[in-house]
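Here's a structure for you.
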Amino acid sequence: MNHIRFGNGKPLLLIHGIGGSWRSWSPVLSGLAEHREVIAVDLPGSGKTAPLNGEVSIATLADAVTGFLEDNHLTGIDAVGSSMGARLVLELVRRGNVLGSVVSLNPGGFWQGYQTHFFYGSIALSIRLIRLIKSMGLIDALTKNVVSRSLLFAQFSAHPWKIHPKVAFDELSSYAKSPSFDELLYNLAYGERQQGCAAGAILNPLVIGWGKQDRVCFPGQAKKALELFPDAQLHWFNKCGHFPQWDKPQETIDLILKVTSKNQYAYPYDTTKS
């Protein structure tokens, strides 16, 4: 599994969302690496990692990440996931004995009813548009222009015009090239539902972070996530969309470092409604 590894301190695993790569974390990498040894992976079928043989789903990706951690003697590592990666770290938490402290940022998989169809339909339409743009050789030009960048990332960010053009270019390019995107998207929406953990089953700190302006995984889905993971605590990001590491990078860094600190865990439970 392709990955980068740099920084000093206690190891910290970063897992990107569907079709992304380790570069999805660019806005927060340096800040985290000042305090932790950061290990940011390309999941199978994304970035520079070859796709899996057979089914591509949360279950098979969780198996792949577990194997990567075992092979690199990293079992029990603290971890952060974004979007699909956020659901993936919750699945690894549910399995037990894989991860340490965990931050799950805007996890997918907690939609219900029409939200499922909206998620699948809107993302499927987006990836078709992105592939068309790539085939026309326009990704670079459109991500450099503030107006077109804002339009392309309006669903993902509360203020897309602030996204750095390089971050936008890397993300769209990675989406367009991912050979596993379509199958994984369908399985995320209509495949196996995310299972949870009984209260008291999770011994390490677990925080679910959610952007209040998320237009991919609507903020109301946080209630379902907490029902399935009652040991989790909730952190709301104000004026933030689907990717807190883009919209609120410093707050994201601070949250991750606090939750995964070696010091005694004392994060205030936030039941604020969006």
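Keeping to the stretch 161-193, report how many residues are in contact (Cβ under 8 Å) with a residue 60 or more places away in the chain, buried (at least 19 other Cβ atoms within 10 Å of the Cβ) and of a type outside the set (Asp, Glu).
Total satisfying the criteria: 11.
Let me ask you something else. Out of the residues in the stretch 33-46 meeting the condition of being in contact with a strand residue (DSSP E or B) (Cβ under 8 Å, 6 or more places away or on another chain) and either in a loop (DSSP other than H, G, I, E, B) or at pLDDT below 95 (or both), tell me which one is nearest to ASP170 (Cα to Cα). Talk me through it step by step, then tell me what you get.
So in the stretch 33-46, the residues in contact with a strand residue (DSSP E or B) (Cβ under 8 Å, 6 or more places away or on another chain) come out as 33-43.
Those still in the list that are either in a loop (DSSP other than H, G, I, E, B) or at pLDDT below 95 (or both) too: 34-36, 42-43.
Working: GLU34: 23, HIS35: 25, ARG36: 24, ASP42: 13, LEU43: 15 Å.
Within the stretch 33-46, the match that is nearest to ASP170 (Cα to Cα) is ASP42.
Same structure again: Please name all residue pairs, on different chains or six or more residues apart, with Cβ atoms under 6 Å, provided the first residue is in the stretch 131-147 and is loosely packed, with under 15 Cβ neighbours inside 10 Å and the second residue is not aromatic (Phe, Trp, Tyr).
LYS144/PRO165
All but one of (1) touching a residue at least 60 places away in the same chain (Cβ under 8 Å); (2) assigned to a helix (DSSP H, G or I); (3) not assigned by TED's automatic domain parsing to the domain that holds GLY196 hold for LEU90; state the number of the condition that does not hold.
Result: LEU90 fails condition (3) only.
Does the stretch 108-119 include one or more residues that are in contact (Cβ under 8 Å) with a residue 40 or more places away in the chain, buried (at least 22 other Cβ atoms within 10 Å of the Cβ) and of a type in the set (Phe, Trp, Tyr)?
yes
Going residue by residue through the stretch 226-238, is there one that turns out to be surrounded by fewer than 16 Cβ atoms within 10 Å (Cβ to Cβ) and touching a residue at least 40 places away in the same chain (Cβ under 8 Å)? If you could, list the steps in order and put the result at the bottom.
Looking only at the stretch 226-238, we keep the residues that are surrounded by fewer than 16 Cβ atoms within 10 Å (Cβ to Cβ), and these are 227, 230, 238.
Filter again for touching a residue at least 40 places away in the same chain (Cβ under 8 Å), leaving none.
Looking through the stretch 226-238, none of the residues is surrounded by fewer than 16 Cβ atoms within 10 Å (Cβ to Cβ) and touching a residue at least 40 places away in the same chain (Cβ under 8 Å).
Here's a follow-up. If I filter the stretch 21-29 for residues that are under 16 Å from SER101 (Cα atoms) and either buried (at least 23 other Cβ atoms within 10 Å of the Cβ) or not assigned by TED's automatic domain parsing to the domain that holds LEU69 (or both), do I get at least one hit? Let's see the steps before the verdict.
Within the stretch 21-29, the subset under 16 Å from SER101 (Cα atoms) is none.
Looking through the stretch 21-29, none of the residues is under 16 Å from SER101 (Cα atoms) and either buried (at least 23 other Cβ atoms within 10 Å of the Cβ) or not assigned by TED's automatic domain parsing to the domain that holds LEU69 (or both).
The values are calculated or read from the model by the stated rules, or taken from the named source; none is laboratory data. These numbers were taken from a predicted model, which means no experiment stands behind them. Heads up, the Cβs are rebuilt from the backbone with ideal geometry, glycines too, and the neighbour counts pull from every protein chain shown.
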